[in-house]
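Before any comments, here is the structure.
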Amino acid sequence: MIATDDVFLAGCPSRTVLEHVTSKWGLLLLIALSEGEQRWSTLRRRADGISEKMLAQTLKTLERDGLVSRQAQAIIPPRVDYSLTDRGHELSALLVPLAAWAIQNAQDIIAGQNSTAT
């Protein structure tokens, strides 16, 4: 078992990784890419509400982290495909159940928030 105590330290590098993969857009893009290689426009449609700037920024971050691979094809019009790396696949296998849990419990959680707000 891996000790998680270091994550509580301010300088722990895992905090940066957690910030990238648990951000709203990072999480959604990793889950979308768990379904296979996708183009920019497909990812933009899948992550409803994401701006072009945020999509570009998040994909660059995930690529820099070694979780996403970018494949540019020299055709006209230009085409860029994104896919998960091996490490990205390993991570998405953990994130998909988290998202499924959130979907399954969201209505009850929101209802609970609304009932305590009154």
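The values are calculated or read from the model by the stated rules, or taken from the named source; none is laboratory data. Because the structure is predicted, anything quoted here is derived from the model rather than measured. Because the Cβ atoms are built from the backbone with ideal geometry, glycine has one as well, and the counts that use them run over all protein chains shown. Quick note on the areas: whole protein, heavy atoms, side chains included, nothing else; ligands and nucleic acids left out. Shrake-Rupley method; radii C 1.70, N 1.55, O 1.52, S 1.80 Å.
Taken over segment 14-47, the criterion of being over 11 Å from the mean Cα position of the chain (by Cα), under 15 Å from Thr85 (Cα atoms) and either assigned to a loop (DSSP other than H, G, I, E, B) or modelled with pLDDT under 95 (or both) is satisfied by Glu35, Gly36, Glu37. Can you work out which of the residues in segment 55-77 that are hydrophobic (A, V, I, L, M, F, W, C) and part of a helix (DSSP H, G or I) is most open to solvent (accessible area, probe 1.4 Å)? Among those residues, the one meeting the criterion is Ala56. With respect to (1) crowded, with 17+ Cβ neighbours inside 10 Å; (2) assigned to a helix (DSSP H, G or I), the lone exception for Ile50 is condition (2). Inspect all residues belonging to segment 34-57 and state whether any of them is in contact (Cβ under 8 Å) with a residue 60 or more places away in the chain and not small (Gly, Ala, Ser). No, that holds for no residue.
Residues in segment 94-118 that are loosely packed, with under 13 Cβ neighbours inside 10 Å, β-branched (Val, Ile, Thr) and either modelled with pLDDT of 90 or more or part of a helix (DSSP H, G or I) (or both): Ile103, Ile109, Ile110, Thr116. Within segment 51-87, being among the small types (Gly, Ala, Ser) and out of contact with any strand residue (DSSP E or B) (no Cβ under 6 Å at 6 or more places or on another chain) holds for Ser51, Ala56, Gly66, Ala74. So, in segment 78-93, of the ones that are modelled with pLDDT of 95 or more and open to solvent by 70 Å² or more (accessible area, probe 1.4 Å), which residue ends up nearest to Arg44 (Cα to Cα)? Ranking the qualifying residues of segment 78-93, first place goes to His89. Of all residues in segment 5-38, those satisfying the criterion of being open to solvent by less than 90 Å² (accessible area, probe 1.4 Å) and not aliphatic (A, V, I, L, M) are Gly11, Cys12, Ser14, Thr16, His20, Thr22, Ser23, Trp25, Gly26, Ser34, Gly36, Gln38.
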